[in-house]
Amino acid sequence: MKFRVLIIDHSLTQSDEVKTIFTQSGLVDRIYEAHNGAEGLRIIKNEEVDLVICNPSLPDMDGLNFLREFRALPDQPHLPVLLVSSRAEIDYKAKAFELGAQEFLIRPFQPDDLLMRAKSLIHLKKTYEELHRQIRDLEKTANVDPLTGVFNRKYFIEMMKSELGRSRRHRYTIACLMIDIDNFKTVNDSLGHSVGDHLLKELAQRLNQHMRGYDFTSRYGGDEFVVLLPQSSKGGSLALAERLRHTVDSEPFLKAEGRNIRLSISIGIAAFSGLEVSSEEELVTTSDRALYEAKQRGRNCIAVAESLDQFRVEPPKGLYRRNYRKHQRYPFLTTVKLIHQESKHSTVGYTINISYGGMAMYVQKPVAEESQVEVWVPFIDSTGKPHGESVKGTVRWVRQFNDHYGVGLEFEELNRRDHPIILNFIQEAERLSP
Ligand code: GH3
Ligand code: MG
C-alpha cells in the first residue's frame, strides 16, 4: 500500500527529517512539502493526499486555527492529520484532538513510531472511504427499481417534494407525466410474465433516451411509469410526451431477440406552477386522472389537465395530429376474410377495431408477423345488396390465445376510390366520438 504524504513544517531541518523517514520506508509514492499553513491548505485542496503531517507552530497561523480551516474544507472528511510537535501540554493536545487531529507525536520520536502511526491512520482512512462508498451504493440501490433500473416510487416522491418546493421558491412550472402501457395484461397473458418483464425493461430504456439531464424517470408500480420534468411548460411536456408515445408506438419491441412485439402507451400530463397545487400528491393524482381520460379515449394517446379537474385529450399539431388520427381506434365488429397474399390461403377473421392506419381482429388460423395480407370486408349497401371492399396490409403483431390469435394489421393505403365505404365508416365514427 503506497500513499501520498503532505508535510507542513516551517523548519527545513524537521521537514527533511520526516521526509527522509518516509522516503527510506518505501511506503510513499509522493511527498508534498509546505512551509506555512496557507500553502498546506492549497495543496490539500488541489492534490490527492492520504495523510497530513503538520508541525502546529506555523509562521502564518496557529496550529489550532489551521485545523479549524482544514476541517471546514469540503470533500476532505476522512483525510487524517498527524501533529508532530515539541509542545506537550495536555490542554493543547486536547484542543487539537477536539478540532479533528487524529494523532499527536512529541519530539523527539523514533522513526518507527512515526511510520506505525502513519500506516494505521491511512488504513483507517481507506476503511472509512470504503464504508462510505458502500453506503452510497446502498443508498443508490435503495432508490432504484431492480427490474428496470430506473428510480423507484419512494425516491420519486422524495424528489417530487423537493422539486415542488424549488418550483414554489423560483415560481416555475413543474410537470408530471403519468405513463401506463396499454392492455399489458393481455401481453402478459399471451406471451408470459418473463417476456412482460423484458418489455418493461426495454420500455424504461426507451423512455430514458428522451430525457434531459435533470428530468427524472421512475417506475410508479406495475406497468406504470412517471416522469418528473422540473421547469417544463405545458407545451414542452406535451411535446416530450408525444415523442415518448411515438417512440413506443413506432418501433416493435424485443427486436434484438428476434421478436416483434408492438406496444403502445397512454400518458396523462399535469403541468402547474408549484403555487397552483397544494401538495405533490395533488400533482400526481391530477396526472393520474388525465391518464384515465387518455385510456377512456381509446389509449395510445395523451391527455392534459387544463386545471385540477378539467382534462383535454390533446391532438394539437403536426406529427401528433397525424399519428393521433391514424391510431385513434373505433369499435368495428364484423366477420372478414383474411387472405395471405403469397400462398392465397384464407381464414375467417372477427374484427375488433379499426383506425385510418389499420385494424385488429381475431383469427382462427395462425398468420406470420410481417406477412402481406388482404382483408375482404363485407358490407350491405342501402338497397340491401351485399358487396365488399378489399384492403391490403402487413401483419404487424400476432398474439396467441388458447385456440385463436389476435392480429394487428397495418393498412398499405386507404383511398377514396377503392375504399369509400371503409373510409365513410371511420369518418362517421370520428364525427360521433366525444
Ligand atoms: P390498460 O390499457 O387499461 O392499462 O390495460 P392493462 O391490461 O395494462 O391494465 P393494467 O395497467 O391495470 O394492468 C397492469 C398489468 O401489468 C397487470 C400485470 O399483468 C402487469 N404487470 C404489473 N407488474 C408487472 C411486472 O413486474 N412484470 C410483468 N411481466 N407484468 C407486470
Ligand atoms: Mg396498463
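For the structure I just gave you, tell me whether L200 is within 16 Å of ligand 2 (Cβ to nearest atom) and within 23 Å of A290 (Cβ to Cβ). Yes, satisfied. The set of residues in region 104-132 being without any contact (Cβ under 8 Å) to a residue 40 or more places away in the chain and aromatic (F, W, Y) consists of F104, F109. On inspection, E251 passes the criterion of being modelled with pLDDT under 90, over 22 Å from A305 (Cβ atoms) and away from ligand 1 (no atom under 16 Å from the Cβ).
The residue that is nearest to the chain's Cα centre (by Cα), counting only those in region 247-279 that are acidic (D, E) and in a loop (DSSP other than H, G, I, E, B), is E251.
Table: residues versus (1) surrounded by fewer than 21 Cβ atoms within 10 Å (Cβ to Cβ); (2) within 13 Å of ligand 1 (Cβ to nearest atom); (3) in the same structural domain as H404 (by TED's automatic domain parsing); (4) not aliphatic (A, V, I, L, M).
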site: L177; (1), (2), (3), (4): no, no, no, no
site: V187; (1), (2), (3), (4): no, yes, no, no
site: G192; (1), (2), (3), (4): yes, yes, no, yes
site: F216; (1), (2), (3), (4): yes, no, no, yes
site: Q231; (1), (2), (3), (4): yes, no, no, yes
site: K234; (1), (2), (3), (4): yes, no, no, yes
site: K255; (1), (2), (3), (4): yes, no, no, yes
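In region 35-58, the residues that are not assigned by TED's automatic domain parsing to the domain that holds G100 never reach a residue that is buried (at least 23 other Cβ atoms within 10 Å of the Cβ) with C-beta atoms less than 8 angstrom apart, at least six apart or across chains.
Of all residues in region 133-157, those satisfying the criterion of being touching a residue at least 40 places away in the same chain (Cβ under 8 Å) and assigned to a helix (DSSP H, G or I) are R153, Y155, F156, I157.
Could you tell me whether Y128 is at pLDDT 90 or above, part of a helix (DSSP H, G or I) and on the phi < 0 side of the Ramachandran plot? Criteria not met by Y128. Taking S162, is it of a type in the set (S, T, Y) and away from ligand 2 (no atom under 16 Å from the Cβ)? Criteria met by S162.
Selection of region 163-211 for residues being part of a loop (DSSP other than H, G, I, E, B), of a type outside the set (D, E, K, R) and over 20 Å from the mean Cα position of the chain (by Cα) yields Y172, N183, G192. With respect to the conditions (1) surrounded by fewer than 16 Cβ atoms within 10 Å (Cβ to Cβ); (2) within 14 Å of L115 (Cα to Cα); (3) aliphatic (A, V, I, L, M), V81 falls short on a single one, namely (1). Quickly run through region 380-411 and pick out the residues that are surrounded by 15 or more Cβ atoms within 10 Å (Cβ to Cβ) and aromatic (F, W, Y). Within region 380-411, W397, Y405, F411 qualify.
When you scan region 36-55, do you find a residue that is out of contact with any helix residue (DSSP H, G or I) (no Cβ under 8 Å at 6 or more places or on another chain) and aliphatic (A, V, I, L, M), even just one?
Our first condition is that a residue be out of contact with any helix residue (DSSP H, G or I) (no Cβ under 8 Å at 6 or more places or on another chain); within region 36-55, this holds for 36, 38-39, 42-43, 45-48.
Add one more test, that the residue is aliphatic (A, V, I, L, M), and what stays is 38, 43.
For region 36-55, residues out of contact with any helix residue (DSSP H, G or I) (no Cβ under 8 Å at 6 or more places or on another chain) and aliphatic (A, V, I, L, M): present.
Inside region 40-78, residues that are among the acidic types (D, E), within 14 Å of R4 (Cβ to Cβ) and surrounded by 13 or more Cβ atoms within 10 Å (Cβ to Cβ) make up a count of 1. Residues of region 88-97 that are of a type outside the set (S, T, Y) and either more than 18 Å from L51 (Cα to Cα) or not assigned by TED's automatic domain parsing to the domain that holds L67 (or both): A88, E89, I90, D91, K93, A94, K95. Screening A101 against (1) more than 16 Å from ligand 2 (Cβ to nearest atom); (2) assigned to a loop (DSSP other than H, G, I, E, B); (3) modelled with pLDDT of 90 or more leaves a single unmet condition, (3).
Being touching a helix residue (DSSP H, G or I) at 6+ places or on another chain (Cβ under 9 Å), under 17 Å from I122 (Cα atoms) and part of a strand (DSSP E or B) is not true of L79. For the structure I just gave you, tell me whether L121 is in contact with a strand residue (DSSP E or B) (Cβ under 9 Å, 6 or more places away or on another chain), within 16 Å of ligand 2 (Cβ to nearest atom) and modelled with pLDDT of 90 or more. No.
From F225, F253, grab the single residue that is within 16 Å of ligand 2 (Cβ to nearest atom), in contact (Cβ under 8 Å) with a residue 12 or more places away in the chain and more than 23 Å from R153 (Cα to Cα).
Details: F225 fails: more than 23 Å from R153 (Cα to Cα).
None of the other options fit; the residue is F253.
The values are calculated or read from the model by the stated rules, or taken from the named source; none is laboratory data. Keep in mind that what you see is a predicted model, and the values were worked out from it rather than measured. All Cβ positions, glycine included, derive from the backbone under ideal geometry; neighbour counts span all protein chains shown.
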